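K.L.:
Starting off with a structure, shown below.
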There are 2 protein chains.
Amino acid sequence: MKKPRVVIIGGGFGGLTATKALKNADVEIILIDKTNHHLFQPLLYQVATAALSPGDIALPLREILRLQNNVKVILGEITAIDRFNKKVILEDEEIKFDYLVVATGSRHFYFGKNDWEENAPGLKTVSDALRIRERILNSFEIAERILFEASLNSHNADVKKYLTFVLVGAGPTGVELAGAIAEISRKTMLKDFRFIKPERTSVILVEGLDRVLPMYDRDLSEKAKESLERIGVTVLLNTQVTAVTKNGVYLGDDFIETNNVIWAAGNTALSLQKTLETELDRAGRVVVNKDLSIKENPKIFVIGDAALSLDEKGKPLPGVCPVAIQQGKYVANTINRDIKGKPRVDFRYFDKGSMATIGRAKGIAEIAGLKLSGYIALLAWSFIHILYLIGFRNRYRVMIEWIWIYFTRRNGIRLITNKTEGILSEEQKLKV
Amino acid sequence: MKKPRVVIIGGGFGGLTATKALKNADVEIILIDKTNHHLFQPLLYQVATAALSPGDIALPLREILRLQNNVKVILGEITAIDRFNKKVILEDEEIKFDYLVVATGSRHFYFGKNDWEENAPGLKTVSDALRIRERILNSFEIAERILFEASLNSHNADVKKYLTFVLVGAGPTGVELAGAIAEISRKTMLKDFRFIKPERTSVILVEGLDRVLPMYDRDLSEKAKESLERIGVTVLLNTQVTAVTKNGVYLGDDFIETNNVIWAAGNTALSLQKTLETELDRAGRVVVNKDLSIKENPKIFVIGDAALSLDEKGKPLPGVCPVAIQQGKYVANTINRDIKGKPRVDFRYFDKGSMATIGRAKGIAEIAGLKLSGYIALLAWSFIHILYLIGFRNRYRVMIEWIWIYFTRRNGIRLITNKTEGILSEEQKLKV
């Protein structure tokens, strides 16, 4: 008899965990991803803020799975899922499946205004992070150059726009980015520039709800806000972004002139899910059963950010890594039980807690009911992130980098690698 | 009295060394570069072959110079030099100078066929290296996918084109790239792919002259060739490239079908030099006096790859780092002597030797008349490269990576970070 074929779309936390958990199953696994690597997304903001290299937090999927003989890794993009004929369409090829695991993740949600994305990039992939890194570093370079040129002619120059950073959304990504940008503008860049006064930079965190980190306990939200303000971040709560333009961002009728808007608000599932022709929620997530399968087919699972799954109280599970990891493990287990003829059990999420860092030396955490803040939370945060990083080499490199940054306050990877001529000349034009 | 202003164009080995050597001089230095970082070019081939991260071998110029108070670093592109009015033109601004140091380096020379560059990229900048890395890794991914799809339909597929790598030019860059690509195709990738047989890959090094590393001693050239052949590189000497197309490369009437041509032949100076309106050689290099100044103005110096300077025997100095470094130091010294009213002395190049690595565990070197090869040469090579790397952090990281790769044979940074969809679908079309 032919082995059942399990097709897994996406090598993020959900898809990779499912793949690895099927290590000993008597199945043929085909793992398909648009990129060649697994990305440790919780540390992606550190690539965007020049603390880590992409290679520190990403590892080729092939390398991770090289000893698991029942997997084939394919680099490619699925354009549609044909659930009626049990196959996925891969550009010019079709692949039949017995089981399908959709673990495609999400993109940021621009409240239906997708044209905002160009001026307010989100942070989901390595290339997103590199684009944001270039944008931040370029802004400082442009400001320095304008001030230098003004000094040659003894003019005054206004560079506020380049030294204003607006983060939209105060979830973990927004909070951690705001803290990191505040740190590098005030500390890391201090001695590097001759004309920019680092204290002139301004970092603004905008949140639509009434507190930062809305998914955490209220006490921790309060502590996080205090920590952010202490390192110079302006926190605007109950504030909606109404428009994003090339020159800045509108908050209601107020306009903030800035060259640096970073989007960290909301999630929306990819359009691939639509081709499943099953029920989606408003954010495009697939509504799944208690065993994470879709209503129409018990052998098609959707996990992680791509799925809307509910906890025991009927509340949607948050779009965070631990959910994806636990769901990946659960689905692998369920497929195993199916094959062995055992009955399925429902998925239950076990919440181990949540945590975030603010700047260089501050953390907040809520672990198993325990609320921590300050150095202890930072240590816990560092320890857990190193632990969950995949690969000895990566763990080692990240740890070394963190110790380096902690003691020197100098983020090591401040490189602008794209051709900057275009950016510069365009920005320069705006100046006049 | 106002301090003399020294404008230095380019933060490579020549420009950066000149800047640092003027540390205690009573001058105002303006260092202008198109990128924000100094790049340790001798190790760039290791970024292209996924052994190192860009952050390991590049450091922001501002960071290197942050404590040197007489320097201002400006990110920007000089569009012209006006030697008659003693100023450089920076897009929308002019900067007057008392002394000018042109250290702009070179690009590869395509024998006047600049349209070859698109299909045969060279290796001079970080973005060049990342582009080549993506191209190499993508080729393996495409080959694997084509073989996978063929297996689904029990067809045969020809993927030779994707597994053939052609290096043009057997100078140090070509030789080191050939060795590194041969290593990763045979060793690193061995367990990662299910369908590709690594021994099917073919690496071809093409050289127009009669030996590899033509600037080295003939014995070492012979040893290098043997080492390359031992790890599976095909070396074609006395062979001219006559055309490069999207599908491969013509060597006379022979056509090699390949998706991977990398150009490592010849140097040509940038077009900026033309605006100096002084004598250039055929490769676009500025013909300089014995004190490295141009004929028309003793206060305008040209150094490194941008200059044609001759040794005592009237032979042109090679375009290598030690020449640029020594010239940078010399020019700083000469400016210092000028200011103090001392007479100038001629530049003399002191040749300390040359070296290269072949693959993982082989080196060749010629140091102070001593010819080395094998492990000892590799150790010498590693030691000297670490020593010349700028920044403690970089030295440390590179050393750790090398030890890691030496023992595991796994290059750590095998990331494809650009959107690959475009590349894949285009390549896929070619397949049919």
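K.L.:
What does the copy distance list look like for B:Asn336, label position 7 Å along Cα→Cβ, in nm and ordered from shortest?
P.N.:
List, nearest first: 7.0 nm.
K.L.:
Identify, for chain A, the residue whose C-beta comes nearest the rotation axis onto chain B, and round that distance to whole Å.
P.N.:
Nearest-to-axis residue on chain A, with distance in whole Å, is A:Ser53, 2.
K.L.:
When Lys and Arg each count +1 and Asp and Glu each count -1, what net charge do the other residues less than 12 Å away from A:Ala380, Cβ to Cβ, add up to?
P.N.:
Net local charge, A:Ala380 excluded: +1.
K.L.:
When Lys and Arg each count +1 and Asp and Glu each count -1, what net charge do the other residues less than 10 Å away from B:Phe193, Cβ to Cβ, add up to?
P.N.:
+3
K.L.:
Right, something else. Indicate, rounded to the nearest 5 percent, the antiparallel portion of the DSSP beta bridges found entirely in the protein assembly as shown.
P.N.:
Expressed as a percentage, antiparallel bridges in the protein assembly as shown total about 55.
K.L.:
Would you pull out the residues with amide H under 5 Å of B:Val235's amide H, same chain only if 5 or more places away, H placed 1.01 Å from N?
P.N.:
B:Leu205
K.L.:
With charges only on Cβ, +1 for K and R and -1 for D and E, what is the dipole size of the protein assembly as shown about its Cα centre, in debye, rounded to 20?
P.N.:
Its charge dipole is roughly 2160 debye.
K.L.:
Pick from A:Gln46, A:Gln240, A:Gln326 the residue whose mean-square fluctuation is largest in a GNM of chain A, springs joining Cα atoms under 10 Å.
P.N.:
Greatest mean-square fluctuation among the candidates belongs to A:Gln240.
K.L.:
Report the residue, chosen from B:Pro322, B:Pro298, B:Pro121, that carries the largest GNM mean-square fluctuation when chain B is represented by alpha-carbon nodes joined by springs under 10 Å.
P.N.:
Comparing B:Pro322, B:Pro298, B:Pro121 in the GNM, the peak value goes to B:Pro298.
K.L.:
Still on this model: Do the sum for the protein assembly as shown: with -39,500 (n - 2.57) for every DSSP H run of n ≥ 4, divided by all residues, what is the mean residue ellipticity at 222 nm, to the nearest 500 deg cm²/dmol?
P.N.:
About -10000 deg cm²/dmol.
K.L.:
Once the cut-off is 25 Å, how many percent of the Cα-Cα pairs in segment A:144-253 end up in the long-distance tail?
P.N.:
Within segment A:144-253, distances greater than 25 Å cover 31 percent of Cα pairs.
K.L.:
How much of the DSSP beta bridge set in chain A is antiparallel, as a percent to the nearest 5?
P.N.:
Percentage antiparallel, nearest 5: 55.
K.L.:
Can you put A:Asp254, A:Asp305 in order, fewest other beta carbons within 10 Å first?
P.N.:
Lowest to highest Cβ neighbour count: A:Asp254, A:Asp305.
K.L.:
From the C-alpha gyration tensor of chain A, pull out the three semi-axes of the equivalent ellipsoid (sqrt of 5λ each), sorted largest to smallest, in whole Å.
P.N.:
Its equivalent ellipsoid spans semi-axes of 40, 23, 21 Å.
K.L.:
Run the numbers on segment B:1-133 and let me know its relative contact order in percent, using alpha-carbon pairs under 8 Å that are six or more apart.
P.N.:
It rounds to 32 percent for segment B:1-133.
K.L.:
Calculate one ³J(HN,Hα) per residue across segment B:164-181 by plugging θ = phi - 60° into the Karplus curve 6.51 cos²θ - 1.76 cosθ + 1.60, and present them in order as whole Hz with x for glycine and proline.
P.N.:
Running phi through 6.51 cos²θ - 1.76 cosθ + 1.60 with θ = phi - 60° gives 10, 10, 10, 9, 9, x, 10, x, x, 4, x, 5, 5, 4, 4, x, 5, 5 Hz.
K.L.:
Helix B:375-388 versus the longest principal axis of chain B: what angle, 0 to 90°, nearest 10, using Cα atoms?
P.N.:
Compared with the principal axis, the helix lies near 40 degrees.
K.L.:
Put a label point 7 Å from Cα along the Cβ direction on A:Met215, then list its distances to the equivalent points in the other copies in nm, shortest first.
P.N.:
Those separations, rounded to one decimal, come out as 5.5 nm.
K.L.:
Between A:Glu199 and B:Ile384, what is the spin-label point distance in nm, taking each point 7 Å from the Cα along the Cα→C-beta axis?
P.N.:
Rounded to a tenth, the inter-label distance reads 5.0 nm.
K.L.:
Cα axis of helix B:126-152 to longest principal axis of chain B: angle in degrees, 0 to 90, nearest 10?
P.N.:
Roughly 10 degrees between the two axes.
K.L.:
On a 0 to 90 degree scale, rounded to 10, what angle separates helix B:321-339 from the longest Cα axis of chain B?
P.N.:
Compared with the principal axis, the helix lies near 10 degrees.
K.L.:
Turning to a different aspect of this structure: How high is the FRET efficiency between A:Glu117 and A:Asp217 when r is their beta carbon distance and R₀ equals 41 Å, given to the nearest 0.05?
P.N.:
The pair A:Glu117/A:Asp217 has a calculated efficiency of 0.80.
K.L.:
While we're here: Please work out, to two decimal places, the log10 of the ratio I(q)/I(0) at q = 0.15, 0.18, 0.25 Å⁻¹ from a Debye calculation in which every Cα of segment B:251-299 carries one identical scatterer.
P.N.:
Each listed q corresponds, in turn, to -0.57, -0.67, -0.98.
K.L.:
What share of all Cα pairs of segment B:304-370, in percent, falls into each consecutive 5 Å distance bin?
P.N.:
In whole percents, the pair-distance histogram is 3, 14, 19, 19, 17, 12, 7, 4, 2, 1, 0.
K.L.:
Give me D for segment B:1-141 in µm² s⁻¹, whole number, from Stokes-Einstein with Rh from the Kirkwood sum over alpha-carbon pairs, 37 °C and 0.692 mPa s.
P.N.:
Estimated diffusion coefficient is 196 µm²/s.
K.L.:
Farthest toward the dipole's positive end in segment A:56-192, which of A:Ala170, A:Ile78, A:Asn156, given Cβ charges of +1 (Lys, Arg) and -1 (Asp, Glu) about the Cα centre?
P.N.:
A:Ala170
K.L.:
Considering only segment A:1-90, what is the antiparallel percent among its DSSP beta bridges, to the nearest 5?
P.N.:
Antiparallel bridges: around 40 percent, rounded to the nearest 5.
K.L.:
Related question: Among A:Ala48, B:Ala365, B:Ala283, flag the residue with its Cα farthest along the positive direction of the charge dipole of the protein assembly as shown, charges on Cβ as +1 for Lys/Arg and -1 for Asp/Glu.
P.N.:
B:Ala365
K.L.:
Give the Rg/Rh ratio for segment A:71-198, taking Rg as the radius of gyration of the Cα atoms and Rh as the Kirkwood radius, to two decimals.
P.N.:
In segment A:71-198, Rg relative to Rh is 1.18.
K.L.:
Report, ordered by chain and residue number, the aspartates and glutamates lying within cross-link reach of B:Lys274, taken as a straight Cα distance under 16 Å and ignoring same-chain residues fewer than 8 apart.
P.N.:
Within the straight-line cut-off, B:Lys274 pairs with B:Glu77, B:Asp82, B:Glu296, B:Asp305.
K.L.:
Using Stokes-Einstein with the Kirkwood hydrodynamic radius over Cα pairs, what translational diffusion coefficient do you get for segment B:261-418 at 37 °C and a viscosity of 0.692 mPa s, in µm²/s rounded to a whole number?
P.N.:
Using the Kirkwood radius from Cα pairs, D works out to 176 µm²/s.
K.L.:
Let me ask another. By a straight-distance test (C-alpha under 21 Å), which lysines pair with A:Lys313 as possible cross-link partners, with residues fewer than eight away in the same chain excluded?
P.N.:
Straight-line reach from A:Lys313, under 21 Å: A:Lys290, A:Lys295, A:Lys352.
K.L.:
Provide an ascending nm list, one decimal, of label-point separations from A:Leu379 to the equivalent residue in each further copy; define each label point as 7 Å from Cα along Cα→Cβ.
P.N.:
Result, one decimal in nm: 4.1.
K.L.:
Explain nothing, just the number: dipole magnitude of segment B:56-165 about its Cα centre with +1 on each Lys and Arg Cβ and -1 on each Asp and Glu Cβ, in debye rounded to the nearest 20.
P.N.:
380 debye
K.L.:
Return B:Ile413, A:Ile95, B:Ile339 ranked ascending by Cβ neighbour count within 10 Å, so the fewest neighbours appear first.
P.N.:
Final ranking by Cβ density, sparse to dense: B:Ile339, A:Ile95, B:Ile413.
K.L.:
Could you state the principal axis extents of the C-alpha atoms in the protein assembly as shown, from the largest down, to the nearest angstrom?
P.N.:
Sorted largest first, the three principal extents are 91, 63, 41 Å.
K.L.:
Still on this structure: Any idea how far the Cα center of segment B:110-151 sits from the one of segment A:15-87, in Å?
P.N.:
23 Å
Throughout, read-outs are computed from the coordinates displayed, never taken from laboratory work. Note that the structure is predicted; figures quoted are calculated from it, not measured. Don't worry about glycine lacking a Cβ; one is built from the backbone with ideal geometry, like all the others, and counts go over all protein chains shown.
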